[in-house]
Structures are given as structure tokens and as C-alpha cells.
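I have placed the structure first, in the form of C-alpha cells, so that the comments after it can refer back to it.
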């Protein structure tokens, strides 16, 4: 166990994540989006540009968000006129998502703002190294799960 918090990868990751989230939030303020609204809008836009009209569950999984929270945020995006939720003809319990023209205009601008923050934030580390590390952290080997043990 490290005696100095600065020697703890988790503590450093916590602080780096907070700093990155603050920078993203600041970049999205002029666009009137929260970070999670951005993620769901950007993912829906990206999928729509590929001819896909995902339901809420598919979008939440793609974005890595909680399904119930995604549903609430999607209602907000709908009220802002950025997406439309249509009943799925194949499953009337599901809603298919389509980005509106207003959302399709906003999404690429928001993506550019976030990518600019990312470029600034990750500048100290070569891009290949950043992508390799974050890829490994985001998609760990399922054969090596994190073991949690209770200590007394």
C-alpha cells in the first residue's frame, strides 16, 4: 500500500479524470450540453450517420451509460429538439432514436470542442501511448478480472 497518495495510480487517475471532466464541461457550456448529453447525442449522431437508428438500450450500451439514466437524458435532448424518439414498429416497448437537423448541426461542433480539449489534455503523452493505455483500461482482458477481497 503506497504511503504517499501521489504514488497511487488510482488516486492519480481520480485527479486526472476530475481535471479532464472539468475541461470537457467548460467546453460544452457554450453549446448548452452536459457531458452525458454530449456523449449520448454524439453516439446517436454517429450511429445515425451510418444508417443505424438505435433504440435506447442499444445507445446506452454503445455509450457505456446506465440505461435508466440514458432514458432521462434522452428525454432532455428530445425537449431541446436535438433528437426524436419514435416507437419501434417491431417492439412497441422500445424507442428508436433519430437525431434532428438541429442535433445533426450541433453534434459535430460539440465533438470538435471535446476533441480540442482531449488534444490539449493528452498533449504531454504521445497519442499512440495514450490510446494504447486507455484502450487497455477501457477494454481489459476478460480473462483477468479485478479481484476484490474484503479486509478486516
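Here are a few things to note about the model shown:
- Only helices enter this figure: runs of n ≥ 4 DSSP H residues, each worth -39500 (n - 2.57), summed and divided by the residues of the chain, yield -19000 deg cm²/dmol at 222 nm to the nearest 500.
- Percent of Cα pairs in segment 1-46 per distance bin of 5 Å, from zero to the largest separation: 4, 21, 18, 16, 13, 11, 8, 7, 3, 0.
- Computed over the Cα atoms of the chain, the ratio of the radius of gyration to the Kirkwood radius (Rg/Rh) comes to 1.04.
- For segment 45-62 versus segment 112-134, the gap between their alpha-carbon centres in whole angstrom: 25
- Residues considered: 136, 85, 22. Largest GNM mean-square fluctuation over the chain, using C-alpha springs under 10 Å, is found at 136.
- When each of the peptides 41-50, 88-97 is scored by the mean number of other C-beta atoms lying within 10 Å of its residues, the order from highest to lowest reads 41-50, 88-97.
- Relative contact order of the chain: 21 percent, from C-alpha pairs under 8 Å at least 6 residues apart in sequence.
Every number here is computed from the coordinates shown, using simple stated rules; none is lab data. Remember, predicted model here, so these are calculated numbers, not experimental data. No Cβ is skipped: glycine too gets one built from the backbone with ideal geometry, and neighbour counts run over all protein chains shown.
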